[in-house]
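First up is the structure itself, then whatever we jot down about it.
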Amino acid sequence: MASLAEKRVADAEEPSMDPQARPEELRLLEALLFASSEPLDQAALAKRMPDGVDIKTALAQLQADYAPRGVNLVRVANKWTFRTAGDLSWLMTRESTETRRLSRAAIEMLAIIAYHQPVTRAEIEEIRGVITSKGTLDVLLETGWIRPRGRRKTPGRPLTFGTTEAFLSQFSLEALGDLPGLEELKGTGLLDSRLPSGFSVPTPSDDPTLRDDEDPLEVGDLELALAPAVEPEQGGEG
């Protein structure tokens, strides 16, 4: 029969199942993130932590704890949230889900806005080399992936457009800087390997601040962007 001393040694070697043995800040972070209906940024989480907690270290530890689990802690658009592990996403697929495919024109326009933002409709048309149907722009606005940013300080004061946090979330991007660069696009076959001399892919910016050549949006600008417009029946593209 084991002695009292041997029993104490054995107990000390076994990991404690006491929930209090886990750092309190990790338990608090878990509770906040699981209870929230939307991703939370670091500042919002830090406000709920006890004094002296290093929020970056705590989030990194919690992320590491959940890395091998069925639910992972991920950062999307600089905010934190729990999501089903990527290799288990098939479990959440519903046969009744209907995927709405974007037209080629919409995909091209979305890519131009993502890389060139802030950009106006006229600038999009100049890059694409074809007239852009307002219906295509409306489809992207309805997805919530793009938004009007401001108005360009040029004659006519056209709306400028940029992407949203929903765009980052949809494509699992932490920031716009995670968009593929020129070499990555070539490698995937999305760009011809024999490009014109001097061709480059711009580095997109996450800065939501209006630029010097932009004015703030006015009341009703969003409704105006989504309002139906009379389009010519001939010419242009769909």
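Side notes on the structure shown:
- Count of residues meeting criterion [over 21 Å from the mean Cα position of the chain (by Cα) and open to solvent by 60 Å² or more (accessible area, probe 1.4 Å)] in the range 40-56: 6
- Lone unmet requirement of (1) assigned to a loop (DSSP other than H, G, I, E, B); (2) over 22 Å from the mean Cα position of the chain (by Cα) for Ser37: (2)
- For the range 125-167, residues that are hydroxyl-bearing (Ser, Thr, Tyr), under 22 Å from the mean Cα position of the chain (by Cα) and open to solvent by less than 30 Å² (accessible area, probe 1.4 Å) total 4.
- Only one entry of Lys134, Lys153 meets the criterion of being modelled with pLDDT under 90 and of a type in the set (D, E, K, R), and that entry is Lys134.
- Some residue of the range 217-226 being in contact with a helix residue (DSSP H, G or I) (Cβ under 9 Å, 6 or more places away or on another chain), under 20 Å from Glu126 (Cβ atoms), surrounded by 14 or more Cβ atoms within 10 Å (Cβ to Cβ) and modelled with pLDDT under 70: yes
- Here the range 168-182 is the region considered, the condition is being in a helix (DSSP H, G or I) and either in contact with a Phe, Trp or Tyr (Cβ under 6 Å, 6 or more places away or on another chain) or open to solvent by less than 50 Å² (accessible area, probe 1.4 Å) (or both), and the residue that is modelled with the lowest pLDDT is Leu182.
For (1) over 29 Å from Ser36 (Cβ atoms); (2) part of a helix (DSSP H, G or I); (3) modelled with pLDDT under 90; (4) not hydrophobic (A, V, I, L, M, F, W, C), each residue gets a yes or a no:
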| position | (1), (2), (3), (4) |
| --- | --- |
| Leu59 | no, yes, no, no |
| Ala64 | no, yes, no, no |
| Leu73 | no, no, no, no |
| Glu98 | no, no, yes, yes |
| Glu123 | yes, yes, no, yes |
| Ile127 | yes, yes, yes, no |
| Leu140 | no, yes, no, no |
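- Count of the range 127-161 residues which are among the small types (Gly, Ala, Ser), over 15 Å from Leu210 (Cα atoms) and touching a residue at least 40 places away in the same chain (Cβ under 8 Å): 2
The values are calculated or read from the model by the stated rules, or taken from the named source; none is laboratory data. In this text, all values refer to a predicted model and were calculated from it rather than measured experimentally. Quick reminder, even Gly has a Cβ in these numbers, built from the backbone with ideal geometry, and neighbours come from all protein chains shown. Heads up: the accessible areas ignore ligands, DNA and RNA and are worked out on the full protein's heavy atoms, side chains in. Shrake-Rupley method; radii C 1.70, N 1.55, O 1.52, S 1.80 Å.
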